[in-house]
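All remarks here apply to the structure that follows.
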Ligand SMILES: Nc1ncnc2c1ncn2[C@@H]1O[C@H](COP(=O)(O)OP(=O)(O)OP(=O)(O)O)[C@@H](O)[C@H]1O
Ligand SMILES: [Mg+2]
């Protein structure tokens with residue numbers, strides 16, 4: 001299950017690539033600058049409608065070309081769906097099953113893709129938005145009403161903030177408070193539930209990879225404990241007016257991650273942060289499988305970077321045990337990595353060839 005077939009046209013250094021992938025571990029190997037990350041970028045783009053490398057997608061057009069085209073065949077529990085994404089004249093056009101799709105979000109729903117790359121430590125060591133995105137990605141894929149709730153909350157938040165910026169002394173912000181409070185509470189409950197759903201898996205995974213370090217994670221919802229969001233919005237409206245923005249609500253939420261009762265952000269090493277981030281993603285993949293009976297596709301760029309052989313081996317074991325589809329890149333001849341592969345691809349001079 002997951003990504004079966006990938007086609008890339010005029011994207012980065014690739015004129016044309018077509019590959020068949022394994023539903024288990026796929027290894028993409030090649031020298032520096034051969035195009036490994038570009039393959040992951042193409043897959044990520046097909047799912048998320050954006051690149052993890054750049055907001056300027058024109059830089060991803062193969063030099064001298066005017067459009068790129070990416071296509072994938074996705075197998076889920078009950079069906080096989082073809083999706084594609086074309087960029088031409090600065091526009092991204094997605095298709096699903098041969099028909100134009102109205103939104104990029106339709107691709108995300110069909111093709112859940114996770115990313116562990118050189119920035120993975122940000123999930124632990126970066127700002128709160130990385131952790132909110134982590135929760136929201138997971139809840140989006142398993143909770144039917146999540147997307148709608150998220151959108152309604154953010155629409156109300158945007159409108160309230162427009163009023164706060166434009167009219168600092170008026171009292172008309174309250175027209176959005178009821179909606180903001182209703183969807184904010186709901187959004188928060190869904191995130192909390194989602195964290196509970198994946199929590200056991202996280203602890204199990206980190207027990208082995210973090211050498212017995214005790215991990216704990218707590219959701220902090222973005223407004224005062226013991227008060228409803230409606231009460232808080234009312235109580236803090238003066239401050240909101242002064243600052244011209246809404247200061248309370250799930251858009252200010254965070255995950256407090258601790259190791260051995262101390263803030264992970266401040267004490268763990270980069271290697272440990274990468275391992276912890278991998279555990280969080282693998283816990284999501286496990287839960288997705290359990291809930292939906294289908295596989296996510298985990299993209300791992302340069303898995304071996306920052307990891308010693310021992311930790312790399314344990315992490316690879318865990319990836320194998322989770323059993324979802326993984327596409328990972330490595331520089332040439334790293335047998336620890338290629339040894340776990342169900343399929344190996346070699347990337348060279350704008351081409352990608354299946355070796356195993
Ligand atoms: N728009 C483009 N058109 C043509 N070539 C491009 C374009 N964008 C990037 N490249 C080139 O594509 C090559 C592959 O880049 P990529 O980052 O995918 O390599 P990589 O195999 O991941 O390398 P590393 O091992 O160093 O991470 C690079 O030589 C890069 O300069
Ligand atoms: Mg790379």
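Under the rule a/c < 1.5 gives rounded, and otherwise a/b versus b/c splits prolate from oblate, where does region 258-304 land using the Cα gyration tensor?
oblate
Ranking 247, 352 by Cβ neighbours within 10 Å, fewest first, what do you get? It would help to have the intermediate numbers written out before the result.
Numbers: 247 17, 352 21.
Exposure proxy ranking, most exposed first: 247, 352.
At 10 °C and a viscosity of 1.306 mPa s, what translational diffusion coefficient does Stokes-Einstein give for region 180-266, taking Rh as the Kirkwood radius over Cα pairs? Give it in µm²/s as a whole number.
In µm²/s, the coefficient rounds to 108.
Order by neighbour count: 227, 38, 79, fewest other Cβ atoms within 10 Å first, most last.
79, 227, 38
How high is the relative contact order of the chain? Use alpha-carbon pairs under 8 Å, at least six apart in sequence, and give a whole percent.
Value for the chain: 27 percent.
Tell me, Kirkwood radius of region 238-356 from alpha-carbon pair distances, in Å?
This gives a value of 17.4 Å.
Take the Cα atoms of the chain, build their convex hull, and give its volume per residue in Å³.
Cα-based convex hull of the chain, divided per residue, equals 145 Å³.
Taking Rh as the Kirkwood radius computed over C-alpha pairs, what is the Stokes-Einstein D of region 232-296 at 4 °C in a medium of viscosity 1.567 mPa s, expressed in µm² per second? If you can, show how the numbers build up before the last one.
Working: Rh = 15.3 Å.
The calculation lands on 85 µm²/s.
Ranked by Cβ crowding within 10 angstrom, fewest neighbours first, how are 143, 41 ordered? Provide the component values of the computation, followed by the final result.
Values: 143 17, 41 24.
Going from sparsest to densest Cβ surroundings: 143, 41.
Students often check this: by mean Cβ neighbours within 10 Å, which of 82-93, 44-55 ranks highest, and how do the rest follow?
Ranking the peptides 82-93, 44-55 by packing returns 44-55, 82-93.
Would region 1-148 count as rounded, prolate or oblate if I go by the C-alpha gyration tensor, calling it rounded below 1.5 in a/c and otherwise prolate when a/b exceeds b/c, oblate otherwise?
Rounded is the answer for region 1-148, as its axis ratio a/c remains below 1.5.
Just report the Cα centroid separation between region 197-257 and region 288-340, whole Å.
The distance from the Cα centre of region 197-257 to that of region 288-340 comes to 30 Å.
Provide Rg and Dmax in Å for region 35-91, with only Cα atoms included in the calculation.
According to the Cα coordinates of region 35-91, Rg and Dmax are 12.4, 41 Å.
Mind checking the log10 I(q)/I(0) for region 89-180 at q = 0.13, 0.19, 0.21, 0.23 Å⁻¹? Debye, one equal scatterer per Cα, no solvent, two decimals.
-0.71, -1.05, -1.09, -1.12
Laboratory data are not the source of any read-out in this text; all were calculated from the coordinates shown. Model, not experiment: these values are computed from the prediction. Please note: Cβ atoms are built from the backbone with ideal geometry, for glycine as well, and neighbour counts cover all protein chains shown.
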